[in-house]
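Chemist: This is the structure I have questions about; it appears just below.
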Amino acid sequence: MSQQVVIPHVSRIEGHAKITIDLDDAGDVADARLHVTQLRGFEKFTEGRPYYEMPAITARICGICPVSHLLASVKACDAIMCVSIPEPAKKLRELLHYAQFVQSHALSFFHLSAPDLLLGMDADIKVRNVLGLAEKYPDAARDGIALRKFGQDAIERLAGQRVHPAWTVPGGVSSPLSRENRDAIAAGLPAAMAIVNRALSLVKGLVDKFPEEVASFSNLSTMYAGLVSPKGNLRIYDGNIRFRGQDGQIVSEVERPSDYSTYIGEATLSHSYLKAPYYKPIGYPNGIYRVGPMARLNAADQCGSEAADRELAEYRQRLGRVPQSAFYNHYARLIEIVWSLEHMRALLDDREILSPYVRAQASVNAPEGVGIIEAPRGILIHHYKVDSDGAMTWANLIVATGHNNLAMNYGVKQVASHFIKKGAITEGILNRVCAVVRAYDPCLSCSTHADGRPALQLNIRSANGTILESLNTRD
Amino acid sequence: MSTNYVSTKATLATVWLDGCAGCHMSLLDIDEVLIELASRIELVFGPLVDAQTFPVGVDVTLIEGAVSNQDDLKLAQKVRANSKVVVALGDCAVTSNVPSMRNSIPVRQLLQRVYVEGADVNKVPPHDGIPSLARHAVPLHEAIRVDVYVPGCPPKPGAIARVILQLLDAKNPDLSGFVKFG
């Protein structure tokens, strides 16, 4: 008899999603799907709004990485105004962005995934969370809280508040950085670096202890996309979109943001409110590529800062030049925190960072603009069209999590197939099915900007479509 | 598989409906107070824990987000039936805020714009295994009775810590001077 298993609530991810697993007559996995269950419609309901409202509105797509949307949005607005923003403003935006990478990566690693990595994939469901972590591994929990706090505090000192700040504006930022705040942020850097170094030691000891997860967490050959500098360094605020193949060869490099749509297409999936972008020159679905920490390290030649490059060399020595299991995102994420902290140090030491020249004023000088940045979970694209008065006539938003949609679906099926044999399903197995999604640190809040939230639901359905078991219905 | 929690600690649940998670981030922004709370409360449901069903007899439930689809409505009703105190956390729960910006647009037009006009392949709105969108995104009190309102986009961490601690001490929360809309 075939059957269907449903995980209604994929937990410890940033959003709502559901998973359906179809089993065949022998009880083995026939298919599995990730459903993102909400849509919010930002592309439609922003029509008619003034373009300069877009940063504040689109920040509300996501409270986890509002800075990402703020930056992609103001860059699209800069393009509509045709301004080249003052250099200090660019540096301040970058500083804000690095701080966000630190807090968001800390959240993903410590608050969301460390319970799986430290307490174990099969740990008691009641303690397999950040509070359970605090009881068993209080030092790790305190490290996580402190590192996230460092990033959030830097955002507050730069931008006035931690979530949805109104500081980044079309043309630059609204106020300069004070000496006092610069010194306060800089004072926290050594402790933050010590925390991430402890976490790196931890992860290096762990990566070899999860061979089954490494083997099954979206362990597949794809392309990888990330922003890089002309020299091939890792970039997050601007840069070329580079696509690199699994064989290590560079497939293409997109220099102008406005050319993105020549390379990236979007497919609707019947089972999800989250669309699936694909690499257009190859087509759907073979044009699968991934974004995010591991993909960025794969796409770049090097990080471009000393400590991070040292870590990257060790990472590549252990995992190869182009690792492909999504499990390694945890390791890559920590290297990116090291890199972010090094760049924060360099920017805070830059004399120009206290400059009062932080904003260019202009009005509408172009009918459309594209802003592209790296959100913590991957490439984020805001594309706006406006009329001559600056009222929005059209918007397209391609969010980081979307790029990974095809690979996450593949991963869910791969993990389920790997662990579910002859219909035997344990809670720990279902947790692993969720954990592969968690490895991508998906922001399903972002991903459903179209309108809604993801609730991960797991259906086990028989081959003839009958639902065998609906574990965990969240109702 | 509903779980009955037997605990000497007070039980807290958090729920994320149609919102951006910013209120949950502001909850985490209470930083070290989290460790203090860990000794007084058990977190029994929400995006940060793995429980799949809403437990019975929860002392306090914080709800972020507007009610925008059938899943939201069913979950909100279940929360109400199983919680002693329900807190509308943040502007989306209190007023429906940004999610309600779509309310003037028919759902069919939204789906058409995003999945047909906004796609290159498979130009058909999704329909398999996902909840339908409600005609309107509404504030929480239009769906269920709400005991405490905490506005803000998001509410400040201090306000969230204050409301939790006052409820744990069985006080009527006094948030004057701690909250504002937006």
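The values are calculated or read from the model by the stated rules, or taken from the named source; none is laboratory data. Please read all numbers here as calculations on a predicted model, not as lab measurements. Please note: Cβ atoms are built from the backbone with ideal geometry, for glycine as well, and neighbour counts cover all protein chains shown.
Chemist: State all residues of segment A:69-108 that are modelled with pLDDT of 95 or more, more than 12 Å from chain B (Cβ to nearest Cβ) and closer than 28 Å to A:Val207 by Cβ; if no residue qualifies, say none.
Modeler: Hits for segment A:69-108 are A:His97, A:Tyr98, A:Ala99, A:Phe101, A:Val102, A:His105.
Chemist: Next up: Write out, first by first residue and then by second, each pair whose Cβ atoms fall under 9 Å of each other, whose residues are 6+ apart or on separate chains, and whose first residue, in segment A:415-439, is free of Cβ contacts under 8 Å to residues at least 60 places away in the same chain while the second is assigned to a helix (DSSP H, G or I) and among the hydrophobic types (A, V, I, L, M, F, W, C).
Modeler: So the pair list comes out as A:Ile429/A:Val415; A:Ile429/A:Ala416; A:Ile429/A:Phe419.
Chemist: So, B:Ser104, is that one part of a loop (DSSP other than H, G, I, E, B), of a type in the set (Ser, Thr, Tyr) and over 21 Å from B:Thr11 (Cα atoms) or not?
Modeler: yes
Chemist: So which residues in segment B:16-35 are in a loop (DSSP other than H, G, I, E, B), at the interface with chain A (Cβ under 7 Å from one of its Cβ atoms) and in contact with a Pro (Cβ under 8 Å, 6 or more places away or on another chain), if there are any at all?
Modeler: Listed by number, the residues that qualify are B:Cys20, B:Ala21, B:Asp29, B:Asp31.
Chemist: Right, something else. Does A:Val29 fit the bill of being among the β-branched types (Val, Ile, Thr) and in contact with a Pro (Cβ under 6 Å, 6 or more places away or on another chain)?
Modeler: In short, no.
Chemist: Name every residue in segment B:152-178 that is crowded, with 20+ Cβ neighbours inside 10 Å and touching a Gly at 6+ places or on another chain (Cβ under 7 Å), in order of residue number.
Modeler: Listed by number, the residues that qualify are B:Gly152, B:Cys153, B:Pro154, B:Pro155, B:Ala159.
Chemist: Would you pick out the residues in segment B:114-167 that are of a type in the set (S, T, N, Q) and away from chain A (no Cβ under 14 Å)?
Modeler: Answer for segment B:114-167, where residues must be of a type in the set (S, T, N, Q) and away from chain A (no Cβ under 14 Å): just B:Gln166.
Chemist: Let me confirm something: among B:Ser83, B:Ser100, B:Ser104, which residue is touching a residue at least 24 places away in the same chain (Cβ under 8 Å), within 25 Å of A:Gly48 (Cβ to Cβ) and not hydrophobic (A, V, I, L, M, F, W, C)?
Modeler: Numbers: B:Ser83 fails: within 25 Å of A:Gly48 (Cβ to Cβ); B:Ser104 fails: touching a residue at least 24 places away in the same chain (Cβ under 8 Å).
Result: B:Ser100 is the single residue among B:Ser83, B:Ser100, B:Ser104 that is touching a residue at least 24 places away in the same chain (Cβ under 8 Å), within 25 Å of A:Gly48 (Cβ to Cβ) and not hydrophobic (A, V, I, L, M, F, W, C).
Chemist: Select the helices (runs of 4 or more DSSP H) contained entirely in segment A:78-178, then report the ones holding at least 1 residues which are touching a strand residue (DSSP E or B) at 6+ places or on another chain (Cβ under 6 Å) and under 20 Å from A:Trp339 (Cβ atoms).
Modeler: Correct list: A:87-106.
Chemist: Turning to a different aspect of this structure: Out of curiosity, is B:Val98 within 18 Å of A:Ala59 (Cα to Cα) and either within 8 Å of chain A (Cβ to nearest Cβ) or within 24 Å of the chain's Cα centre (by Cα) (or both)?
Modeler: Yes: the conditions hold for B:Val98.
Chemist: Out of A:Ala391, A:Ala375, A:Ala400, report the one residue that is within 14 Å of another protein chain (Cβ to nearest Cβ), under 20 Å from A:Phe42 (Cα atoms) and either among the small types (Gly, Ala, Ser) or surrounded by fewer than 18 Cβ atoms within 10 Å (Cβ to Cβ) (or both).
Modeler: Going through A:Ala391, A:Ala375, A:Ala400 in turn, the sole match is A:Ala375.
Chemist: Right, something else. Mind listing whichever residues of segment A:368-388 are over 30 Å from A:Leu234 (Cβ atoms) and either without any contact (Cβ under 8 Å) to a residue 40 or more places away in the chain or under 18 Å from the mean Cα position of the chain (by Cα) (or both)?
Modeler: Here is the first cut: in segment A:368-388, the ones over 30 Å from A:Leu234 (Cβ atoms) are A:385-388.
Within segment A:368-388, A:Lys385, A:Asp387, A:Ser388 qualify.
Chemist: Inside segment A:279-310, can you point out the residues that are under 17 Å from the mean Cα position of the chain (by Cα) and in a strand (DSSP E or B)?
Modeler: Those that are under 17 Å from the mean Cα position of the chain (by Cα) and in a strand (DSSP E or B): A:Tyr289, A:Arg290.
Chemist: I would also like to ask the following. Identify the single condition in (1) crowded, with 24+ Cβ neighbours inside 10 Å; (2) at pLDDT 90 or above that A:His9 does not satisfy, given that it satisfies every other one.
Modeler: The failed condition is (2).
Each row is one residue, and each column tells you yes or no for (1) touching a helix residue (DSSP H, G or I) at 6+ places or on another chain (Cβ under 7 Å); (2) within 14 Å of chain B (Cβ to nearest Cβ); (3) within 22 Å of B:Asp120 (Cβ to Cβ).
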| site | (1), (2), (3) |
| --- | --- |
| A:Ser258 | no, no, yes |
| A:Thr268 | yes, yes, yes |
| A:Leu274 | yes, yes, yes |
| A:Val291 | yes, no, yes |
| A:Met294 | yes, no, no |
| A:Asn298 | no, no, no |
| A:Gly304 | no, no, no |
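Chemist: Give segment A:117-143 a look and list any residue that's facing chain B (nearest Cβ under 10 Å) and of a type outside the set (A, V, I, L, M, F, W, C), or say none.
Modeler: Correct list: A:Asp124, A:Lys126, A:Arg128, A:Asn129, A:Gly132, A:Glu135, A:Pro138, A:Arg142.
Matching residues to (1) touching a residue at least 24 places away in the same chain (Cβ under 8 Å); (2) farther than 19 Å from A:Ile381 by Cβ; (3) of a type in the set (D, E, K, R); (4) assigned to a helix (DSSP H, G or I):
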position	(1), (2), (3), (4)
A:Asp208	no, yes, yes, yes
A:Leu227	yes, no, no, no
A:Gly248	yes, yes, no, no
A:Tyr260	yes, no, no, yes
A:Glu266	yes, no, yes, no
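Chemist: Can A:Gly27 be described as part of a loop (DSSP other than H, G, I, E, B) and more than 10 Å from chain B (Cβ to nearest Cβ)?
Modeler: Here the answer is yes, as A:Gly27 does meet what is asked.
Chemist: Okay, moving on. Can you go through A:Ile64, A:Ile57 and tell me which one is facing chain B (nearest Cβ under 8 Å) and surrounded by fewer than 22 Cβ atoms within 10 Å (Cβ to Cβ)?
Modeler: After ruling out the rest, the residue left standing is A:Ile57.
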